[in-house]
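The values are calculated or read from the model by the stated rules, or taken from the named source; none is laboratory data. Just so it is clear, the structure is predicted and the values come from calculations on it, not from any experiment. No Cβ is skipped: glycine too gets one built from the backbone with ideal geometry, and neighbour counts run over all protein chains shown.
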Amino acid sequence: MNVIRLALCVAALVLALPAQAGSIDYDSSEITFVSRQMNVPVEGRFRSFTAEIDFHLADLARSKARIEVGLASVDTGSDEADTEVKRRNWFNVLAFPAAQFVSTGVKQVGPARYEARGELSIKGITREITAPFTVTNGANFTVFEGGFTLYRLQFKIGEGVWSETDTVANEVQVRFRITQTGGVN
Amino acid sequence: MNNRYTAVAIALHWLIALAILCNFALGLYMADLPISPAKLRLYSYHKWIGVTIFLLVLIRIAWRLTHPAPTLPASIPAWQRIAAGASHTGLYLLTLAVPLAGWLFSSASGFQTVYLGLMPIPDLVDKDRAAADALKAAHWYLNLTMAAVVALHVAAALKHHFHDRDDVLARMLPLIRPKGKT
């Protein structure tokens, strides 16, 4: 009896899988950012993140996305800065290991151009952000590409001596390119 | 007055000397600082001063090529003339090579140089850790070489002034008039 129930559960699970959104191809996905230090653009990235995207071209209202970024995976471009930004004044990764974006709505703003609204949570602070993005719909993959300006001080990224913006600007350009296997419709 | 450098040559010499001295000290000081906004600022200032030195040296070389240096006193032996020429050429080359290596080191480390925070200088090399390490070493050893040649240069100038009591130093000094002894 229990075996049958288990078998049914497994079957249901297997059947349910193809109905889910395509899986993310992390090798061709990235989350990068450009900060400005003394007006010098410095590029960085996050090596580890997970994304769940359920996008429907024909039914945007049903579309949703959830992205979680492991802040300890930050690569600022220099070892010294990598160590510093994980500390308390910046991301404080021991207390707040992940940043999270949860969409609240998607709308179309042009041909193949959309806008995602959602809540971004970093360091225990949640703010609504809007991120324009494009959708490239290939035969067996879909690429979501976009970005937004993050104001680091809104999330207390860089406290204490770092809260002045003459050296490290408040604005940080965040960009994402997320590739999903399978097309969307 | 051909026993004396032109006023422009004298001004450039001392301006560049002062800038190099300051930037050398700044470079030594800033490298070991823990990361802070002050450190990031000092690194930028160091790069801006380095770019300025590079530009001033280019102007100086152009000036030197169009305005010959005064002739050396006849009493100076041939080997010293050769040594003086070689160390001067070496200093011109090093004052160009040191900022060049610093700029390339910065590029290879992933930090573009933006002169005065306004003018981005293109990156000639891509970000590359091995290249950055090699260029850092090049910047350091070129600096040590320059410091050694500068020490020799200063020692020779003082020797001429206080031991030989000739006009070799005076012809490059502002305000002081050469005695006219050749």
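Restricting attention to the range B:92-103, does a residue exist that is part of a helix (DSSP H, G or I) and within 14 Å of chain A (Cβ to nearest Cβ)?
Within the range B:92-103 (the criterion being part of a helix (DSSP H, G or I) and within 14 Å of chain A (Cβ to nearest Cβ)), the answer is yes, since at least one residue qualifies.
Considering only the range B:112-147, state which residues are without any contact (Cβ under 8 Å) to a residue 24 or more places away in the chain and among the charged types (D, E, K, R).
Across the range B:112-147, the qualifying residues are B:ASP123, B:ASP126, B:LYS127, B:ASP128, B:ARG129, B:ASP133.
Quick check on my filter: what residues within the range A:27-41 are of a type outside the set (D, E, K, R) and either in contact with a Phe, Trp or Tyr (Cβ under 7 Å, 6 or more places away or on another chain) or assigned to a strand (DSSP E or B) (or both)?
Those that are of a type outside the set (D, E, K, R) and either in contact with a Phe, Trp or Tyr (Cβ under 7 Å, 6 or more places away or on another chain) or assigned to a strand (DSSP E or B) (or both): A:ILE31, A:THR32, A:PHE33, A:VAL34, A:SER35, A:GLN37, A:VAL40, A:PRO41.
Exactly one condition in (1) over 19 Å from the mean Cα position of the chain (by Cα); (2) touching a residue at least 40 places away in the same chain (Cβ under 8 Å) is not met by B:HIS153; state its number.
Failed condition: (1).
Can you go through A:GLY77, A:GLY22, A:GLY44 and tell me which one is within 14 Å of chain B (Cβ to nearest Cβ) and outside any strand (DSSP E or B)?
A:GLY77
Being among the β-branched types (Val, Ile, Thr) and buried (at least 20 other Cβ atoms within 10 Å of the Cβ) is the filter here; which residues of the range A:54-98 pass it?
A:ILE67, A:VAL69, A:VAL74, A:THR76, A:VAL85
Out of the range A:80-104, which residues are hydrophobic (A, V, I, L, M, F, W, C) and in a strand (DSSP E or B)?
If the condition is that a residue be hydrophobic (A, V, I, L, M, F, W, C) and in a strand (DSSP E or B), then A:ALA98, A:ALA99, A:PHE101, A:VAL102 are the ones that fit.
Would you say A:ALA12 is of a type in the set (A, V, I, L, M, F, W, C), at pLDDT below 60 and under 27 Å from A:LEU150 (Cβ atoms)?
Judged against the criteria, A:ALA12 is not a match.
Please find, within the range B:5-41, the residue that is nearest to B:PRO174 (Cα to Cα) out of those that are in contact with a Lys or Arg (Cβ under 6 Å, 6 or more places away or on another chain) and crowded, with 17+ Cβ neighbours inside 10 Å.
So, considering only residues that are in contact with a Lys or Arg (Cβ under 6 Å, 6 or more places away or on another chain) and crowded, with 17+ Cβ neighbours inside 10 Å, the one nearest to B:PRO174 (Cα to Cα) is B:TYR5.
Which residues, counting only those in the range B:151-168, are aliphatic (A, V, I, L, M) and either surrounded by fewer than 19 Cβ atoms within 10 Å (Cβ to Cβ) or farther than 22 Å from B:GLY90 by Cβ (or both)?
Selection gives B:ALA151, B:LEU152, B:VAL154, B:ALA155, B:ALA156, B:ALA157, B:LEU158.
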